[in-house]
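Structure, as structure tokens:
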Amino acid sequence: MILSMTGYGKANQTYKDKNIIVELRALNSKNLDLKTRMPSNYREMEMPVRKLLSQILKRGKIDLTIQIEDLEDRPKNKINMPVLQQYLNDLIQINPNAEQSVLIAAALRLPDVLKPEEEQLSEEEQEAVLNTLQDAAERLTRYRKDEGQALKDDLQLRLKNINKELKEIEQLDKERLNKIKQRLKVALYNLQMEVDQNRFEQELIYYLEKLDINEEKVRLKNHLQYFEKELQKNNDMKGKKLGFISQEIGREINTIGSKANDSQIQRKVVQMKDELEKIKEQVLNVL
């Protein structure tokens, strides 16, 4: 199973006269990077919110929005009576003959007379918020699973393409060293020089050993099998591990390219590198 790091989840729940709405958006990130937007009286829930999301979503750049809709038409502000009274006293001193209704209307427009009404956050409301958050996080996880299946299909296709190129390299490699050996013998013959055949054979063996890519082919095949095995595992978090394996795959492909000394094999190596780059791009999206 593979989970994508990107996703979206939304949930809502009614609590008394409120509608709690939670939205979650996730993008790529090496760790859990949480950005929250919520009502000021919910700020005390920052730690339990972070703990819950870290348990469910593991990592990613998470954008969390919590909104509250009032189901009843209630005033949003309340009057700060001490401040209002002080303003009225000052205004009366300035204009003792003014009507009281005029003074009150003027005072209500002055700073700090009206302030938002903040309710005490009860344990029941906190539980309702966390339940809604969990529901949204689970919806996001289901989204991640769907996206992850598409990622898995693409990664398997890339692995299949690399394996195909590797098999063709194995066929080309069977005659490669013989061709190089014959080419060197022809070049030496054209020089029309007397050489010690034993010394020539020793130097030829040493040279061909430096061009041998059997170990690289075996290691590359093992890395590809290891990558496929990790894809099939049921653990959620495997993006970093797949990234490390893809680095090892790239190392062997590069070594084959540098040692092959064969134009046909070089073309196969270029194709494998192209597929590997696509794998690396996709692995960045894996949780």
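The values are calculated or read from the model by the stated rules, or taken from the named source; none is laboratory data. Everything numeric in this text was worked out from a predicted model, so none of it was measured. Don't worry about glycine lacking a Cβ; one is built from the backbone with ideal geometry, like all the others, and counts go over all protein chains shown.
What residue, among those in the range 109-132 that are modelled with pLDDT of 80 or more, touching a strand residue (DSSP E or B) at 6+ places or on another chain (Cβ under 8 Å) and surrounded by 13 or more Cβ atoms within 10 Å (Cβ to Cβ), is farthest from Gln13 (Cα to Cα)?
Glu125
Which residues, taken from the range 247-262, are of a type in the set (A, V, I, L, M) and touching a His at 6+ places or on another chain (Cβ under 6 Å)?
Ile249
For the structure I just gave you, tell me whether Ile162 is at pLDDT 95 or above, surrounded by 19 or more Cβ atoms within 10 Å (Cβ to Cβ), in a helix (DSSP H, G or I) and among the aliphatic types (A, V, I, L, M).
yes
Can you tell me which residue is surrounded by the fewest Cβ atoms within 10 Å (Cβ to Cβ) among those in the range 1-29 that are over 18 Å from Leu52 (Cβ atoms) and among the polar types (S, T, N, Q)?
Selected residue: Thr14.
Having 1 or more residues that are at pLDDT below 90 and of a type in the set (A, V, I, L, M) is the bar; report the helices (runs of 4 or more DSSP H) wholly within the range 1-108 that clear it.
Hits in the range 1-108: 81-94, 100-108.
Which is part of a helix (DSSP H, G or I) and either under 30 Å from Arg144 (Cα atoms) or β-branched (Val, Ile, Thr) (or both), of Glu281, Glu252?
Glu281
Take the residues in the range 222-271 that are of a type in the set (Gly, Ala, Ser) and touching a Leu at 6+ places or on another chain (Cβ under 8 Å), then tell me which one is nearest to Leu211 (Cα to Cα).
Ala260
Just a yes or no: is a residue in the range 85-95 in the same structural domain as Gln134 (by TED's automatic domain parsing) and surrounded by 13 or more Cβ atoms within 10 Å (Cβ to Cβ)?
Taking every residue of the range 85-95 in turn, none turns out to be in the same structural domain as Gln134 (by TED's automatic domain parsing) and surrounded by 13 or more Cβ atoms within 10 Å (Cβ to Cβ).
Given the criterion at pLDDT below 90, out of contact with any helix residue (DSSP H, G or I) (no Cβ under 6 Å at 6 or more places or on another chain), assigned to a helix (DSSP H, G or I) and among the hydroxyl-bearing types (Ser, Thr, Tyr), identify the matching residue among Tyr143, Tyr206.
The unique qualifying residue is Tyr206.
Could you tell me whether Gly243 is assigned to a helix (DSSP H, G or I), under 18 Å from the mean Cα position of the chain (by Cα) and of a type outside the set (A, V, I, L, M)?
Criteria met by Gly243.
Could you please tell me which pairs satisfy a Cβ distance under 8 Å, a separation of 6+ or placement on different chains, a first residue in the range 239-264 that is within 14 Å of Tyr226 (Cβ to Cβ), and a second residue that is part of a loop (DSSP other than H, G, I, E, B)?
Every condition considered, the pairs that remain are Gly243/Leu284.
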